[in-house]
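Enquirer: Here it is: the structure, laid out below.
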Amino acid sequence: MSNGEELLREHGLRVTKPRLAVLEILSEGGHLEVEEIAVRARTRLESVSTQAIYDVLGALSRAGLARRLEPAGSPARFEARVGDNHHHIVCRGCGEIADVDCAVGERPCLTPSDAHGFELDEAEVTFWGLCPACQGRRLAETTT
């Protein structure tokens, strides 16, 4: 039995070829858009619809095997890094996303000034800026 099969069963999910393919793709790293996952899945499977990929990603996210990111103004992205309360930094220029470890090392990483009676267990933070490549492009544009 593969590691993917074990993971799916441990999280109460049926083992299917599309689920195994998407788990494998996500385990390769990155913050992937649905269409990119679908293209990669089609190289591993005979046929799979984009809707099937959405369904698989939804099931994996609900089971805690994938994490959905939705940076403002960008399509949803998915990653396999889950359960560690890490954050993200997004480039305003090209949309590149990088992981940023928890600010204080424990959950939640931040405490709001007023929790309104909520018992907090997680903080999701998105930092915004320009990646090194976009900084270079901006500098080149201003010097020419």
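The values are calculated or read from the model by the stated rules, or taken from the named source; none is laboratory data. Note that this is a predicted model, so its numbers are computed, not measured. Because the Cβ atoms are built from the backbone with ideal geometry, glycine has one as well, and the counts that use them run over all protein chains shown.
Enquirer: Let me spell it out: the conditions are (1) assigned by TED's automatic domain parsing to the domain that holds Val15; (2) in contact with a Cys (Cβ under 6 Å, 6 or more places away or on another chain), and Cys91 meets all of them except one. Which number is the exception?
Expert: Tallying (1) assigned by TED's automatic domain parsing to the domain that holds Val15; (2) in contact with a Cys (Cβ under 6 Å, 6 or more places away or on another chain), Cys91 fails exactly one: (1).
Enquirer: With the stretch 1-59 as the region, which helices (runs of 4 or more DSSP H) entirely inside it contain at least 3 residues that are farther than 27 Å from Cys94 by Cβ and of a type in the set (A, V, I, L, M, F, W, C)?
Expert: By residue number, 17-27.
Enquirer: Which of the residues belonging to the stretch 41-78 are surrounded by fewer than 18 Cβ atoms within 10 Å (Cβ to Cβ) and charged (D, E, K, R)?
Expert: Once the filter is applied, which keeps residues that are surrounded by fewer than 18 Cβ atoms within 10 Å (Cβ to Cβ) and charged (D, E, K, R), the stretch 41-78 yields Arg42, Arg44, Glu46, Asp55, Arg62, Arg68, Glu70.
Enquirer: Okay, moving on. Kindly indicate the residue of the stretch 46-89 that is of a type in the set (Val, Ile, Thr) and without any contact (Cβ under 8 Å) to a residue 24 or more places away in the chain and also nearest to Arg19 (Cα to Cα) among those meeting that condition.
Expert: Thr50
Listed here are the residues, each with its yes/no results for (1) touching an Asp or Glu at 6+ places or on another chain (Cβ under 7 Å); (2) within 29 Å of Val56 (Cβ to Cβ); (3) surrounded by 11 or more Cβ atoms within 10 Å (Cβ to Cβ).
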position: Asp84; (1), (2), (3): no, yes, no
position: Pro112; (1), (2), (3): no, no, no
position: Asp121; (1), (2), (3): no, yes, no
position: Gly129; (1), (2), (3): no, no, yes
position: Ala133; (1), (2), (3): no, no, yes
position: Gly136; (1), (2), (3): no, no, yes
position: Thr144; (1), (2), (3): no, no, no
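Enquirer: Shifting gears a bit: Being modelled with pLDDT under 95, farther than 30 Å from Pro108 by Cβ and surrounded by fewer than 17 Cβ atoms within 10 Å (Cβ to Cβ) is the requirement here; does Glu36 meet it?
Expert: Answer is no for this residue.
Enquirer: Just to be sure, is Leu7 farther than 22 Å from Pro132 by Cα and under 14 Å from the mean Cα position of the chain (by Cα)?
Expert: When the stated conditions are applied, Leu7 does not pass them.
Enquirer: Given the structure, is Asp114 out of contact with any strand residue (DSSP E or B) (no Cβ under 8 Å at 6 or more places or on another chain), over 23 Å from Glu35 (Cα atoms) and of a type outside the set (Lys, Arg)?
Expert: yes
Enquirer: Among the residues of the stretch 65-75 satisfying the criterion of being modelled with pLDDT of 95 or more and part of a loop (DSSP other than H, G, I, E, B), which is farthest from the chain's Cα centre (by Cα)?
Expert: Restricting to residues being modelled with pLDDT of 95 or more and part of a loop (DSSP other than H, G, I, E, B), the top hit is Leu65.
Enquirer: Does any residue of the stretch 135-143 turn out to be among the hydrophobic types (A, V, I, L, M, F, W, C), at pLDDT below 95 and either more than 18 Å from Ser27 (Cα to Cα) or not assigned by TED's automatic domain parsing to the domain that holds Gly30 (or both)?
Expert: yes
Enquirer: Name the pairs whose Cβ atoms lie under 7 Å apart, with the first residue in the stretch 28-43 and under 13 Å from Leu57 (Cα atoms) and touching a residue at least 40 places away in the same chain (Cβ under 8 Å), the second exposed (fewer than 15 other Cβ atoms within 10 Å of the Cβ) and among the acidic types (Asp, Glu), and 6 or more positions between them or separate chains?
Expert: Pairs that qualify, where the first residue is under 13 Å from Leu57 (Cα atoms) and touching a residue at least 40 places away in the same chain (Cβ under 8 Å) and the partner is exposed (fewer than 15 other Cβ atoms within 10 Å of the Cβ) and among the acidic types (Asp, Glu): there are none.
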